[in-house]
1. Please go through the stretch 189-214 and pick out each residue that is open to solvent by less than 70 Å² (accessible area, probe 1.4 Å) and not polar (S, T, N, Q).
2. Quick test of your reading of the structure: residue 214 fulfils all but one of (1) touching a helix residue (DSSP H, G or I) at 6+ places or on another chain (Cβ under 8 Å); (2) assigned to a loop (DSSP other than H, G, I, E, B); (3) over 18 Å from residue 103 (Cβ atoms); (4) not aromatic (Phe, Trp, Tyr). Name the failing condition by number.
3. Name the single residue that is most open to solvent (accessible area, probe 1.4 Å) among those in the stretch 15-72 being of a type in the set (Ser, Thr, Tyr) and over 24 Å from residue 140 (Cβ atoms).
4. For residues in the stretch 215-243 being within 21 Å of the chain's Cα centre (by Cα) and of a type in the set (Lys, Arg), which is surrounded by the fewest Cβ atoms within 10 Å (Cβ to Cβ)?
5. Looking only at the stretch 137-184, filter to residues that are under 14 Å from the mean Cα position of the chain (by Cα) and among the acidic types (Asp, Glu); which one of those is farthest from residue 15 (Cα to Cα)?
6. Restricting attention to the stretch 146-187, which residues are charged (D, E, K, R) and either open to solvent by less than 70 Å² (accessible area, probe 1.4 Å) or in a loop (DSSP other than H, G, I, E, B) (or both)?
7. For the stretch 3-24, check the following and say yes or no: at least one residue is farther than 30 Å from residue 184 by Cα, touching a residue at least 12 places away in the same chain (Cβ under 8 Å), of a type in the set (Phe, Trp, Tyr) and touching a helix residue (DSSP H, G or I) at 6+ places or on another chain (Cβ under 6 Å).
8. List the residue pairs whose Cβ atoms are under 7 Å apart, where the first residue sits in the stretch 140-157 and is farther than 22 Å from residue 43 by Cβ, the second is assigned to a loop (DSSP other than H, G, I, E, B) and not acidic (Asp, Glu), and the two are 6 or more positions apart or on different chains.
Amino acid sequence: MNGPEIHVEFAPELLLFVPRARPTGATKAATDGVSSLGHVVESLGVPLTEVGALFVDGREVPAGHVPAAGESVTVRAVEHPQRVPGAPLRFLLDVHLGTLARRLRLLGVDTAYESTDIGDPALAARSAAERRVMLSRDRGLLRRRELWAGAFVYSTRPEEQLTYVLDRFRPELRPWSRCTACNGLLRRATKDEVADQLKGGTHRTYDVFAQCGECGRAYWKGAHHEQLVAIVERAVAARAERG
C-alpha cells in the first residue's frame, strides 16, 4: 500500500508488535482505498487476535472498515476477560509451550498440545476443526485466517504465561482432574489397577491413586506433589481475588 496516509495510535500493550510506533504509540500508515483496517493493522505487525475495539475519528468501526485518507485510527488491546463465543473454552498450544500445557492441564483446563512441530497450516486447521483457542508466540501462526481463535503468549516464563492465560480467558478450573501427559480425564484407581507402574518403594508407601482414562498413566502424591500443590493454590487464590 502506497496511497494517502492515515494516523494510527496503538494501545501500550500492542507496542511490542509495532517498533516503529514507539515511544509515542502512534505511526502513519498508507492506504489504497481497498484494504480493510484489519489488514492495515496486521500489515503494521499486530495480529488481529490481540486487537480489541477499533475507532476511526472517535467512532467504533469493524475490522472490515476501509480507511480513507486522513482518518485517525485508535487500536485498543483485547479486553480481559476475553469471551470466546460458540464453543466450550479449550486450548491448543504449539510445540514451544509444553510447560504451560502441563500446568493448564494440572488445573483441569482442556488443553491440547503438539509436542512436535507439525507446521502452522496443520495447527491452524486443528484449531478450526476442534474449535480451540490457539496459544502461541508465533505471530505468523496467529495471523492465519483459518484459526478458530487465538492469543499471543507474551512472556517466555511459564509462571507468567499461566497467569496471563488465566487472566485473559478466565477458564473454569478443576484441579487434579486431567492427565498432564495427554489431557485425558482422571479417575480414582486402586493399587492393584496401577501396580504395573509402581516401583517397590512407591508400592509400599502410597495407597491413593488416580489413572488417566485415555493413556492409562497412574498418578499419586509423590516427591513433586508439594510443587504442584503450590501452582494450584496460587491459581485458585488469584481467581478468588478477581471474583
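1. Narrowing the stretch 189-214 to residues open to solvent by less than 70 Å² (accessible area, probe 1.4 Å): 189, 191, 194-195, 198, 200-202, 206, 209-213.
Those that are open to solvent by less than 70 Å² (accessible area, probe 1.4 Å) and not polar (S, T, N, Q): 189, 191, 194, 195, 198, 200, 201, 206, 209, 210, 212, 213.
2. Unmet for residue 214, out of (1) touching a helix residue (DSSP H, G or I) at 6+ places or on another chain (Cβ under 8 Å); (2) assigned to a loop (DSSP other than H, G, I, E, B); (3) over 18 Å from residue 103 (Cβ atoms); (4) not aromatic (Phe, Trp, Tyr): (1).
3. Here is the first cut: in the stretch 15-72, the ones of a type in the set (Ser, Thr, Tyr) are 24, 27, 31, 35-36, 43, 49, 72.
Add one more test, that the residue is over 24 Å from residue 140 (Cβ atoms), and what stays is 24, 72.
Working: 24: 106, 72: 47 Å².
That would be 24.
4. Only one residue fits best here, namely 242.
5. Restricting to residues being under 14 Å from the mean Cα position of the chain (by Cα) and among the acidic types (Asp, Glu), the top hit is 159.
6. Going through the stretch 146-187, the residues charged (D, E, K, R) turn out to be 146, 157, 159-160, 167-168, 170, 172, 174, 178, 187.
Residues satisfying the conditions are 146, 157, 167, 168, 170, 172, 174, 178.
7. Yes, the stretch 3-24 has at least one match.
8. So the pair list comes out as 148/131; 148/132; 153/97; 153/137.
The values are calculated or read from the model by the stated rules, or taken from the named source; none is laboratory data. All values derive from a computational prediction rather than experimental measurement. We place every Cβ from the backbone using ideal geometry, glycine too, and count neighbours over all the protein chains shown. Side chains are part of the model used for accessible areas, which takes the heavy atoms of the whole protein and leaves out ligands, DNA and RNA. Shrake-Rupley method; radii C 1.70, N 1.55, O 1.52, S 1.80 Å.
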